[in-house]
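Single-structure report; data block below.
The values are calculated or read from the model by the stated rules, or taken from the named source; none is laboratory data. What you see is a predicted model, and the numbers here were worked out from it, not measured in a lab. Counting neighbours? That spans all protein chains shown, and the Cβs are built from the backbone with ideal geometry, glycine included. Areas reflect the complete protein model, heavy atoms only, side chains present, ligands, DNA and RNA absent. Shrake-Rupley method; radii C 1.70, N 1.55, O 1.52, S 1.80 Å.
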Amino acid sequence: MPRVIVDVMLKPEILDPQGKAVAGALPRLGFDGISSVRQGKRFELEVDGTVDEAKLAEIRSAAETLLSNPVIEDVVSVRLAEETA
């Protein structure tokens, strides 16, 4: 059964306290060289049948309507998941 991945991120102008906390913790844990972190959400949708451009557009519409809050979030990616063996 095909899977579609939807990634949702906070809009750039929205403050991200969770991302800021992670960015602050990384150097304390020995992970240097990372200057900024933004957190987001990932959804995995199992799809009946085949996934074509029309189905991806339908899923993007659903993501913009239901999976994200369009006031503060952007749907940044809707893509077919790669098959893993």
Task: Close pairs from segment 45-74: first on the phi < 0 side of the Ramachandran plot, partner among the basic types (Lys, Arg) and in a helix (DSSP H, G or I), Cβ under 7 Å, at least 6 apart - done: 47/55
- [ ] Residue by residue through segment 1-38, note down the ones that are in contact with a Leu (Cβ under 7 Å, 6 or more places away or on another chain), closer than 15 Å to residue 72 by Cα and open to solvent by less than 60 Å² (accessible area, probe 1.4 Å).
- [x] 8, 16
TODO: Could you check, for segment 53-62, whether at least one of its residues is open to solvent by 50 Å² or more (accessible area, probe 1.4 Å), basic (Lys, Arg) and within 16 Å of the chain's Cα centre (by Cα)?
DONE: yes
Open item on the list: Going by what's in this entry, would residue 41 be described as touching a strand residue (DSSP E or B) at 6+ places or on another chain (Cβ under 8 Å), surrounded by 11 or more Cβ atoms within 10 Å (Cβ to Cβ) and either at pLDDT 95 or above or at positive phi (or both)?
Closed with: yes
- [ ] Identify the single condition in (1) of a type in the set (Gly, Ala, Ser); (2) within 12 Å of the chain's Cα centre (by Cα); (3) assigned to a helix (DSSP H, G or I) that residue 24 does not satisfy, given that it satisfies every other one.
- [x] (2)
